[in-house]
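Taking it in order: structure first as structure tokens, then the write-up.
The values are calculated or read from the model by the stated rules, or taken from the named source; none is laboratory data. This is a predicted model, so every value here is computed, not measured. Glycine gets a Cβ as well: all are built from the backbone with ideal geometry, and neighbour counts include every protein chain shown. Only protein heavy atoms, including side chains, enter the accessible area calculation; ligands, DNA and RNA are left aside. Shrake-Rupley method; radii C 1.70, N 1.55, O 1.52, S 1.80 Å.
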Amino acid sequence: MNKRKVPKIRFKGFYDDWEQRKLGEVATEMAAGGDIDKDLILDEGRYPVIANALTNDGIVGYYNEDYRIKAPAVTITGRGDVGHAKARIVDFTPVVRLLSLKSNHDVFFLENSINTLKIAIESTGVPQLTVPQLAKYEISFPKSLDEEEKIGAYFKQLDHLITLHQRKLEKLKIIKKSMLENCFPKNGEKVPKIRFSGFSDDWEQRKLGDIADKAVDNRGKTPSISEEGTHPLLEVASLGSGAPDYSKVTKYLSDETFKTELRAHIKEGDILFSTVGSIGLVSLMDTNENAAIAQNIVAFRANESYDSKFLYAMLSTEGNQYKAQRIVMGAVQPSIKVSQLVDVEYFVTENIAEQRKLGEYFLNLDHLITLHQSKLEKLKMIKKSMLETMFV
């Protein structure tokens, strides 16, 4: 008995088998991009010039009069990471190894259907996809244009939500970067540009060793890894924003190793600081005291006169990255000595209330960033799953 050619998930009211067609058969026009006419390209204009670029939706400039493809159409990357399709609803000109496909089929359905293809290009150099090659690829179409349009509209809305959360995430990261630059004094200054109301005293210069203790240092201790272990081993990949990112954990320790092979254990509020490789990445330890840090991370614990959240924010600044890079040793595998790091000087406010306000502010920012990052990842997973189940 022949297997029916239908998707696993389908909108109600549609039952017919889908039909397989070559892209060259459904296209009313297929074209390959050319070169950019530098004399015509503008920063702003009527018609976007679209290249293989992944940023700014691929737009590299605008033409006012000269366009080659009338929308709606689909562009497909034709060089390097080939085969990525994108629906276009504005007249445009494709350039720099970008292919275009115009058809009477729904443009958003085509975009996502093409993106389910496994396009393999045999090449000894940079992979390239040509119009004749693209024309031979087959995709399945429903008999009803209405079904196409419903599927296309679904993925259009999903992409809109993904773009919305991506923009919110990027905006929050920009805000955090800007506030870190302005809420801590720059070199040669004793007060930050932006400050909470009610605080006016100069900040004081202190060595890291005067405001935080080296609490956990497992350098030189390579713990035994266990496939059945339950204690996550935090490595540099898990550091960089807010609490450690446990999704990046790949190694675990057994109870026995956790109890006997480590010099000390991390606690909530410890500042985790990378000392090898990507130096100067920090995270603020959460409540998971069953975790352990690898030997390329050192944990600092704030003295009683300092707020740990404030110190985490202070060590997240680009100024800290600069200070850490100044004491880096080695070119192949950069590293720093903790004995030198504790002598690095920072400007700090001695007012614990100001410290707490700053610490809470940046921790809340991190929480929002993590929230949008999580939503974005979930939406991408939903899209991946639906691409696998809504097409034949």
Exercise. For the chain, what log10 I(q)/I(0) values come out of the Debye formula at q = 0.06, 0.12 1/Å, with one point per alpha carbon and no solvent?
Worked result: -0.38, -1.00
Exercise. Between HIS367 and ASP146, 0.36 nm times their residue separation minus their Cα-Cα distance comes to what?
Worked result: 75.4 nm
For this session: Measure off 7 Å from each Cα along the Cα-to-Cβ vector at SER178 and GLU345, then give the distance between these two points in nanometres to one decimal.
Result: 3.2
For this session: Round to a whole angstrom and tell me the spacing of the C-alpha centers of the range 298-371 and the range 236-285.
Result: 15
For this session: Can you pull the one-decimal nm distance between simple spin-label points at THR130 and ASP43, each 7 Å off the Cα toward Cβ?
Result: 4.0
Exercise. Once the Cα gyration tensor of the range 269-339 is diagonalised, what are the square roots of 5 times its eigenvalues, in whole Å and ordered largest first, as equivalent ellipsoid semi-axes?
Worked result: 21, 15, 9
Exercise. Pulled fully out, how much extra length does the chain show between ALA153 and GLU377, if you take 0.36 nm times their separation in residues and subtract their Cα-Cα distance?
Worked result: 78.6 nm
Exercise. Relative contact order, percent, of the range 171-288 when contacts are C-alpha pairs under 8 Å separated by at least 6 residues?
Worked result: 20
Exercise. How long is the range 73-163 along each principal axis, judged by its Cα atoms, biggest number first, in Å?
Worked result: 42, 27, 23
Exercise. In a Debye calculation with equal point scatterers on the alpha-carbon sites of the range 178-304 and no solvent, what is log10 I(q)/I(0) at q = 0.18 Å⁻¹?
Worked result: -0.97
Exercise. Kirkwood Rh over Cα pairs of the range 244-294 into Stokes-Einstein at 20 °C, 1.002 mPa s: D in µm²/s?
Worked result: 178
For this session: Report the calculated FRET efficiency for LYS12 and ASP35 (r = Cβ-Cβ distance, R0 = 41 Å), to the nearest 0.05.
Result: 0.25
Problem set entry | Linear extension gain, GLU304 paired with THR260, 0.36 nm per residue minus alpha-carbon span | 13.0 nm
Problem set entry | Average Cα contact separation per residue, the range 219-294, under 8 Å, 6 or more apart, as relative contact order % | 37
For this session: Write down the accessible area per residue of the chain in Å², having rolled a 1.4 Å probe over the full set of protein chains.
Result: 55
Problem set entry | q = 0.11, 0.12, 0.19, 0.20 Å⁻¹: log10 I(q)/I(0) that the Debye formula gives for the range 313-392, counting C-alpha atoms only | -0.58, -0.65, -0.93, -0.96
Problem set entry | Loop trypsin sites (Lys or Arg not before Pro), the range 320-392, which have at most 13 other Cβ atoms in a 10 Å radius of their Cβ (DSSP) | ARG326, LYS337
Problem set entry | Sequence-distant residues sharing a close amide H with GLY61 (under 5 Å, placed H) | VAL49
Exercise. Which residues make up the longest stretch of the chain that has no GluC sites (Glu not before Pro) in a DSSP loop with at most 14 other Cβ atoms within 10 Å?
Worked result: 123-188
Problem set entry | the range 8-115, Rg to Rh (Cα coordinates; Rh as Kirkwood inverse mean 1/r) | 1.04
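Which FRET efficiency value, to the nearest 0.05, is calculated for VAL191 and ASN290 with the Förster distance at 41 angstrom and r the Cβ-Cβ distance?
The pair VAL191/ASN290 has a calculated efficiency of 0.50.
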Problem set entry | Area projected by the alpha carbon convex hull of the range 120-218, averaged over all directions, nm² | 16.8
Problem set entry | Pairwise label distance in nanometres, SER224 with GLU360, each label 7 Å out on the Cα-Cβ vector | 4.7
Seminar exercise, completed: Taking protein heavy atoms only, a 1.4 Å probe, and rounding to whole percent, the accessible area of the range 156-295 owed to carbon and sulfur comes out at 47
Exercise. Given H placed on each backbone N at 1.01 Å, which residues far from ALA215 in sequence or on other chains put an amide H within less than 5 Å of it?
Worked result: ALA299, PHE300, ARG301
Exercise. In whole Å, what are the Cα extents of the range 259-392 along the three principal axes, biggest one first?
Worked result: 62, 41, 35
Exercise. With a sphere of radius 12 Å drawn around the Cβ of PHE199, what net charge do the other residues whose Cβ falls strictly inside it have (Lys, Arg +1; Asp, Glu -1)?
Worked result: -1
Problem set entry | Accessible surface, 1.4 Å probe, highest first, among residues TYR312, TYR15 | TYR15, TYR312
Exercise. For the range 296-392, which whole-number percentage of the solvent-accessible area (1.4 Å probe, protein heavy atoms only) is attributable to carbon and sulfur atoms?
Worked result: 54
Seminar exercise, completed: With the 8 Å Cα cutoff and a minimum separation of six or more residues, the range 22-131 has a relative contact order in percent of 31
